[in-house]
Amino acid sequence: MIQEAFLVILIKAVVVVFIVVTTFAYLMLLERKLMGRMQLRYGPNRTGPFGLLQPAADLVKMLLKEDFTPAGANKVLFQLAPVMAVFAAVGSLSVIPFGDSVTLWGHHVNLYGTDLNVGLLLVFALSGIGFYGLILGGYASGNKYALLGAARSAAQLVSYEVAMGLSVVGVLMLAQSLSLVDIVHAQADTVWYILLQPVGFILFMLAGLAETNRPPFDLPEAEGELVAGYHTEYGGTKFAGFAMAEYLNMIVVTSIAATLFLGGFSGPWLPGPIWLAIKVFILIVGLIWIRATMPRLRYDRLMKFGWKILLPLATLNLLITALVVGLGFPNK
Amino acid sequence: MGEQIAFGLTAAGIVGCALLVVLLKNAFQAAVALIGTLVSVAILFVLQHAPFVAFVQIIVYAGAIVTLFLFVLAYLGERALSDPDRLEHFEVFSWITILVITAMGAIVMFTTALPNFHTVPETTEDIGSPTALGFAFLREHLLPFEATSLVLLVGAVGAVVLAKRAVMAEGGR
């Protein structure tokens, strides 16, 4: 499974985390800029040229804030929650394939953390762990709004994880592998799976929105009704941790979507990581666009939508795909 | 050697977290400790070259089931035990039981000749990959597999019917 020197793996991890964390900082700026333009505002434009230094200013502000723990909080869990959220989000990066193997300075380097034969399951497992950050954070704050946010996020996780899992099984059947690298190669040999699994793609993106708590599925933090939900009591670096986890999860979900349905790092002329970055960028702009456009769902409708529309649709999609693959549709 | 160190740490994690589950007064924290136990068991599966089972363990048990526990606990809130524990006077019996069971376990452990107990077991053929599991479930053991899923389905339907009856009895929808 792993045939690289330890140092190579370490350097890769540092580089990937550095790039993705920088991306996270500018993703927040991009979101604020784009949303501003969509709402006929300028967005941040005072810090540096075009507001490009805004992330740095935000970082300084977050770091200098008081590290505050409310009196009614459960001290241990309150500290643990943002750590779990960030840990899960960063861990998911380890299986995303950014490119194929290359040779750099005489070293054989795979442009992915590790090619597990169950890579996709690792992402689902870590997203489940990441949700505990929200649930624990909401519970441990000792605040009723935070607790309601935690309860909502628990219910949301349970209803949408199943639909998300089922929506990708069609892709797995077509590629006949759980390894993300194999899935990309299978698409490079045939066509992008968005053409064969359009329903699967839409279901995955919808469930992905719910999994990352993005509007219109941001019920756990709904600022209008729950103040800010599970992270009401968080400030400073701990709040930054939750924000980082949310945006990293956005990057992870869109990368997985690009890998499963849009051919991942495969593409002509340009190197693999650039292709993946382009695809991820387009999907993320889509997510921001949805946030600026769609109003938040009412809570009971969110649950009904998950159980009564997404889940049956995902099951139907799965059955039809199984039938077609079983009847010998040429999948390679 | 590395595997033994990893096994030792994982085993310590399992036992430590399991003790916390029992000993912590706060039910919510106990459920969080349960996540630690379940994740440690998953690591044990990884050490046994069964990554598929390991991640399914995390997704299903550590992910979904404990989430439901926490959901219920968060809604019920922390309630201190108001009544004095009526079984307090009988605590001595529980200690006797613990000692007897531990002794029995120890006797069985040391008198039974378990295969490969003192030697390193040979590695078996691939039994943990998704492919191997798929063949095991859908070729060799198809009938038990389908029977189990049917039992689970009956359980789910039964739960819905019972819940519906309770709601109806309260004059709900």
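The values are calculated or read from the model by the stated rules, or taken from the named source; none is laboratory data. These numbers come from a predicted model, not from an experiment. We place every Cβ from the backbone using ideal geometry, glycine too, and count neighbours over all the protein chains shown. Surface accessibility is based on the protein's heavy atoms, side chains included, excluding ligands, DNA and RNA. Shrake-Rupley method; radii C 1.70, N 1.55, O 1.52, S 1.80 Å.
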- Task: State all residues of segment A:71-86 that are within 11 Å of another protein chain (Cβ to nearest Cβ), buried (at least 20 other Cβ atoms within 10 Å of the Cβ) and over 13 Å from A:ASN143 (Cα atoms); if no residue qualifies, say none.
- Result: A:LEU77, A:ALA81, A:MET84
- Give B:ALA106, B:ALA74 a once-over and let me know the one that is part of a helix (DSSP H, G or I) and within 14 Å of chain A (Cβ to nearest Cβ). B:ALA74
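Give segment B:135-146 a look and list any residue that's part of a helix (DSSP H, G or I), surrounded by 11 or more Cβ atoms within 10 Å (Cβ to Cβ) and either among the basic types (Lys, Arg) or out of contact with any helix residue (DSSP H, G or I) (no Cβ under 6 Å at 6 or more places or on another chain) (or both), or say none.
B:PHE135, B:ALA136, B:LEU138, B:LEU142, B:GLU146
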- Note on the structure: Subset of segment A:242-266, residues open to solvent by 10 Å² or more (accessible area, probe 1.4 Å) and either under 19 Å from A:GLY130 (Cβ atoms) or among the aromatic types (Phe, Trp, Tyr) (or both), comes to A:ALA243, A:MET244, A:GLU246, A:TYR247, A:ASN249, A:ILE251, A:VAL253, A:PHE265
- Of the residues in segment B:38-67 that are in contact (Cβ under 8 Å) with a residue 60 or more places away in the chain and in a helix (DSSP H, G or I), the one that is surrounded by the most Cβ atoms within 10 Å (Cβ to Cβ) is B:PRO51
- Note on the structure: How many residues of segment A:36-61 are touching a helix residue (DSSP H, G or I) at 6+ places or on another chain (Cβ under 6 Å) and buried (at least 16 other Cβ atoms within 10 Å of the Cβ)? The answer is 4
- Query: On the given criteria, is B:PHE28 among the aromatic types (Phe, Trp, Tyr) and either within 11 Å of chain A (Cβ to nearest Cβ) or outside any helix (DSSP H, G or I) (or both)?
  - Reply: yes
- Message: Which pairs turn up if I take residues in segment A:4-25 that are open to solvent by less than 50 Å² (accessible area, probe 1.4 Å) and look for partners that are aromatic (Phe, Trp, Tyr) with beta carbon separation below 6 Å, at least 6 apart in sequence or on another chain?
- Response: A:PHE24/A:TYR247
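Scan segment A:55-73 for residues that are β-branched (Val, Ile, Thr) and modelled with pLDDT under 85 and report the count.
Qualifying residue count for the region: 1.
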- Restrict the check to segment A:169-178 and report whether at least one residue is small (Gly, Ala, Ser) and under 19 Å from the mean Cα position of the chain (by Cα). no
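Each row is one residue, and each column tells you yes or no for (1) charged (D, E, K, R); (2) farther than 15 Å from A:THR321 by Cα; (3) more than 13 Å from chain B (Cβ to nearest Cβ); (4) out of contact with any Asp or Glu (no Cβ under 9 Å at 6 or more places or on another chain).
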| residue | (1), (2), (3), (4) |
| --- | --- |
| A:GLY142 | no, yes, no, no |
| A:SER153 | no, yes, no, no |
| A:GLN176 | no, no, no, no |
| A:VAL181 | no, yes, yes, no |
| A:THR190 | no, yes, yes, yes |
| A:ILE194 | no, no, yes, yes |
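Please work out if B:ALA6 is in a helix (DSSP H, G or I), within 14 Å of chain A (Cβ to nearest Cβ) and either in contact with a Pro (Cβ under 8 Å, 6 or more places away or on another chain) or surrounded by 14 or more Cβ atoms within 10 Å (Cβ to Cβ) (or both).
When the stated conditions are applied, B:ALA6 does not pass them.
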- Message: So, restricting to helices (runs of 4 or more DSSP H) that lie completely within segment A:119-197, which ones have at least 1 residues that are open to solvent by 20 Å² or more (accessible area, probe 1.4 Å) and charged (D, E, K, R)?
- Response: A:144-175, A:180-189
- Task: Being free of Cβ contacts under 8 Å to residues at least 40 places away in the same chain, open to solvent by 80 Å² or more (accessible area, probe 1.4 Å) and more than 11 Å from A:LEU219 (Cβ to Cβ) is the filter here, so list the residues in segment A:294-315 that pass it.
- Result: A:LYS304, A:LYS308, A:ILE309
- Message: Conditions first: (1) more than 14 Å from every other protein chain (Cβ to nearest Cβ); (2) of a type in the set (A, V, I, L, M); (3) surrounded by fewer than 21 Cβ atoms within 10 Å (Cβ to Cβ). A:ALA89 passes all but one, so which condition is the exception?
- Response: (3)
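Going by the conditions given, is B:ILE35 within 14 Å of chain A (Cβ to nearest Cβ), aliphatic (A, V, I, L, M), in a helix (DSSP H, G or I) and open to solvent by less than 30 Å² (accessible area, probe 1.4 Å)?
Yes.
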- Do you know which residues across segment A:267-282 are surrounded by fewer than 21 Cβ atoms within 10 Å (Cβ to Cβ), of a type in the set (A, V, I, L, M, F, W, C) and part of a helix (DSSP H, G or I)? A:ILE274, A:ALA277, A:ILE278, A:PHE281, A:ILE282
- Message: So, in segment B:10-27, how many residues would count as being aliphatic (A, V, I, L, M), open to solvent by 60 Å² or more (accessible area, probe 1.4 Å) and either at pLDDT below 90 or more than 17 Å from B:ALA42 (Cβ to Cβ) (or both)?
- Response: 4
- Message: Suppose we keep only residues that are among the β-branched types (Val, Ile, Thr) and within 11 Å of chain A (Cβ to nearest Cβ) within segment B:38-53. Which one would you say is farthest from A:PHE124 (Cα to Cα)?
- Response: B:VAL46
- Task: Only residues that are surrounded by 21 or more Cβ atoms within 10 Å (Cβ to Cβ) and not in a loop (DSSP other than H, G, I, E, B): list them for segment A:227-241, please.
- Result: A:GLY229, A:TYR230, A:HIS231, A:LYS238, A:GLY241
